[in-house]
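The values are calculated or read from the model by the stated rules, or taken from the named source; none is laboratory data. Bear in mind that the values here come from a model prediction, so they are computed numbers and not experimental data. Cβ sites come from the backbone with ideal geometry, for glycine too, and all protein chains shown count toward neighbours. Remember, those area values only see protein heavy atoms, side chains included, never the ligands or the DNA or RNA. Shrake-Rupley method; radii C 1.70, N 1.55, O 1.52, S 1.80 Å.
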Amino acid sequence: MKIIEYPLVNEKLYIQHLKNGLTIKILPRADFHKVYGSLRVEYGSLDNCFLTSDQQKKAFPAGIAHFLEHKMFDQPTGDAFEQFSHLGADANAFTTYTNTNYLFSGTTQIKQNVLALLDFVQQPYFQSAAVEREKKIIGQEIKMYQDDINWQLYAGVLAGMYPKHPLSDDIAGSLASIEQITAADLLTCYQAFYRPEKMSFLLTGAVDPVEAVSWFENNQAQKKLPVCPAGQTRDFTVAEQAAARSFKQVLLPTQRPKATLGLKGTDQVSVSNRSGLKYSLALELAFFMLFGEISDNYQKLYESGIIDDSFNFEIQVDRGFHFAVLSSECTEPATLFASLIKILQAGSQQLETAATEFSLAKHDLLGTQIQSLDSLENIISEDQGLLFDQATVLDQIDLLQQLSLTDVCRTFKSFWQNCQLSKFQILPEEGV
């Protein structure tokens with residue numbers, strides 16, 4: 001077993017790679033009563049078109065990864081949620097653009113809960129009648145998101161940055177796309193991606209690492225998993241992607257205009273090692289210095305009424321894509337866009353002369369990250385799975401501590417010079 005020490009926060013991470021390819025990561029937290037476990041599969045909504053081992057290209061309807069997540073809880077013995085309830089634990093799952101996650105939290109019967117999570121995710125049970133019933137449930141979920149103005153704002157800017165790309169599709173798909181999904185489709189995608197070598201399990205809380213690893217080893221040794229062609233995701237290169245759409249607006253039932261500026265990154269960023277995570281953290285620190293609540297830019301925008309308390313920014317660096325978005329409710333979207341772009345254009349020069357601001361911002365973010373270790377749920381949510389050399393929040397803290405102002409300036413300059421801008425705004429419908 002590999003043990004990685006983090007002296008700054010006095011923590012140890014235990015990593016074990018099982019013979020079948022499953023990666024186990026354990027972060028003991030002796031002072032906690034609750035234990036969290038998360039099994040992550042490197043398969044998300046972007047992976048609806050992939051190559052099999054014989055290089056045959058297979059395409060599936062949008063939303064199939066999310067649909068598969070829903071149907072994994074169906075088991076020959078009943079609903080897996082009920083099993084966790086009987087074991088005194090809470091269970092949940094969610095799908096992102098690049099991965100699917102199955103989680104539990106509990107205070108007792110931890111071994112039983114770990115094994116229950118492993119067992120139901122590694123046992124597909126797809127019945128055609130049940131798949132048809134699930135379409136109505138997921139259809140209601142899709143309609144709920146369509147009624148969420150803030151989600152429409154986020155989805156709109158993604159579609160603008162990535163036209164003709166899976167990122168422009170909702171993670172759950174559309175009402176039309178989910179109608180095309182069959183039980184056979186689900187099994188094909190399951191067999192291609194729900195494989196031990198594409199999975200990682202993070203366990204954190206009051207657990208003994210050596211004892212816990214034995215649970216995984218014994219469980220996996222007893223299983224004869226079918227040998228099937230592995231799905232090979234094919235990420236879009238920047239050259240293959242359509243250029244970002246410069247502007248779009250829609251009318252929806254909202255009280256005030258909402259606007260978001262998307263910056264589609266085109267730098268070559270690796271997700272196989274820590275350089276990609278360092279890039280992500282440097283970019284986040286740069287935007288925090290330029291647009292965080294403690295920045296002069298934020299105060300000026302706020303005091304002038306260009307933004308309000310809804311203003312936020314997000315940085316995302318993931319497999320096959322990276323971007324930044326800045327959003328706010330506003331009175332004049334055109335003024336907001338012009339103000340944000342003006343700040344970004346002067347960003348490199350401002351950052352290069354902001355040594356004091358850099359120190360304050362770095363300590364602010366570092367303190368937030370260290371404080372987040374008090375939340376087992378946050379430790380789980382910040383896990384990168386198999387990306388960035390299996391980085392956890394502990395690695396983020398280490399990298400953030402090492403970042404220099406030069407790193408931040410270099411990263412922002414490259415990102416800004418090479419990015420593509422996309423503006424998206426939602427205006428109130430007449431009569432609202």
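What residue, of 142, 137, is at pLDDT 95 or above, in a helix (DSSP H, G or I) and more than 29 Å from residue 326 (Cα to Cα)?
After ruling out the rest, the residue left standing is 137.
Identify all residues within segment 189-212 that are within 15 Å of residue 50 (Cβ to Cβ) and in contact with a strand residue (DSSP E or B) (Cβ under 7 Å, 6 or more places away or on another chain); write none if there are none.
192, 193, 194, 198
Got a number for residues in segment 149-184 being open to solvent by 50 Å² or more (accessible area, probe 1.4 Å), within 19 Å of residue 319 (Cα to Cα) and among the β-branched types (Val, Ile, Thr)?
Selection size over segment 149-184: 0.
Residue 280: in a loop (DSSP other than H, G, I, E, B) and either within 20 Å of residue 318 (Cβ to Cβ) or open to solvent by less than 40 Å² (accessible area, probe 1.4 Å) (or both), yes or no?
Criteria not met by residue 280.
Just wondering, is there one or more residues in segment 308-326 that are assigned to a helix (DSSP H, G or I) and either open to solvent by 10 Å² or more (accessible area, probe 1.4 Å) or out of contact with any Phe, Trp or Tyr (no Cβ under 6 Å at 6 or more places or on another chain) (or both)?
Taking every residue of segment 308-326 in turn, none turns out to be assigned to a helix (DSSP H, G or I) and either open to solvent by 10 Å² or more (accessible area, probe 1.4 Å) or out of contact with any Phe, Trp or Tyr (no Cβ under 6 Å at 6 or more places or on another chain) (or both).
Looking at (1) in a helix (DSSP H, G or I); (2) free of Cβ contacts under 8 Å to residues at least 40 places away in the same chain, which is the only condition residue 93 fails?
That leaves (1) as the condition not met.
Checking the conditions here, which among 25, 12, 19 is open to solvent by 20 Å² or more (accessible area, probe 1.4 Å) and either among the polar types (S, T, N, Q) or not in a loop (DSSP other than H, G, I, E, B) (or both)?
12
Given the criteria more than 28 Å from the chain's Cα centre (by Cα) and open to solvent by less than 30 Å² (accessible area, probe 1.4 Å), does residue 338 qualify?
Criteria not met by residue 338.
Applying the selection to segment 28-37, what residues are open to solvent by 10 Å² or more (accessible area, probe 1.4 Å) and within 20 Å of residue 210 (Cβ to Cβ)?
Hits for segment 28-37 are 28, 29, 30, 31, 32, 36.
Any chance you could count how many residues in segment 119-148 are among the polar types (S, T, N, Q), surrounded by 12 or more Cβ atoms within 10 Å (Cβ to Cβ) and closer than 30 Å to residue 223 by Cβ?
Result for segment 119-148: 3.
Filter segment 83-118 down to the residues that are of a type in the set (Val, Ile, Thr), within 17 Å of residue 376 (Cα to Cα) and buried (at least 17 other Cβ atoms within 10 Å of the Cβ) and list them by number.
Across segment 83-118, the qualifying residues are 110, 114.
Inside segment 385-402, can you point out the residues that are touching a strand residue (DSSP E or B) at 6+ places or on another chain (Cβ under 9 Å) and open to solvent by 30 Å² or more (accessible area, probe 1.4 Å)?
The answer is 386, 390, 398.
If I go through segment 58-69 residue by residue, how many of them are in contact (Cβ under 8 Å) with a residue 24 or more places away in the chain and surrounded by fewer than 19 Cβ atoms within 10 Å (Cβ to Cβ)?
2
If you scan segment 283-307, which residues turn out to be touching a strand residue (DSSP E or B) at 6+ places or on another chain (Cβ under 6 Å) and either part of a loop (DSSP other than H, G, I, E, B) or at pLDDT below 95 (or both)?
307, the sole residue that qualifies.
On the given criteria, is residue 130 touching an Asp or Glu at 6+ places or on another chain (Cβ under 7 Å) and in contact (Cβ under 8 Å) with a residue 24 or more places away in the chain?
So residue 130 fits the description; yes.
Somewhere in segment 205-224, is a residue in contact with a Ser or Thr (Cβ under 9 Å, 6 or more places away or on another chain), modelled with pLDDT of 95 or more and surrounded by 18 or more Cβ atoms within 10 Å (Cβ to Cβ)?
Looking through segment 205-224, at least one residue is in contact with a Ser or Thr (Cβ under 9 Å, 6 or more places away or on another chain), modelled with pLDDT of 95 or more and surrounded by 18 or more Cβ atoms within 10 Å (Cβ to Cβ).
In segment 403-432, which residues are part of a loop (DSSP other than H, G, I, E, B) and open to solvent by 20 Å² or more (accessible area, probe 1.4 Å)?
404, 419, 429, 430, 431, 432
Taking residue 155, is it under 30 Å from residue 423 (Cβ atoms), part of a helix (DSSP H, G or I), among the aliphatic types (A, V, I, L, M) and out of contact with any Cys (no Cβ under 6 Å at 6 or more places or on another chain)?
In short, yes.
Among the candidates 255, 249, 232, which residue alone is touching a strand residue (DSSP E or B) at 6+ places or on another chain (Cβ under 7 Å), of a type in the set (S, T, N, Q) and at pLDDT 95 or above?
None of the others qualify; the one that does is 249.
Restricting attention to segment 96-124, which residues are touching a residue at least 40 places away in the same chain (Cβ under 8 Å) and part of a loop (DSSP other than H, G, I, E, B)?
Matches in segment 96-124: 96, 97, 98, 99, 107, 122, 123, 124.
List pairs: first in segment 5-16 and under 22 Å from residue 211 (Cα atoms), second open to solvent by less than 30 Å² (accessible area, probe 1.4 Å) and assigned to a loop (DSSP other than H, G, I, E, B), Cβ under 7 Å, 6+ apart or cross-chain?
Partner pairs satisfying both residue conditions: 13/392.
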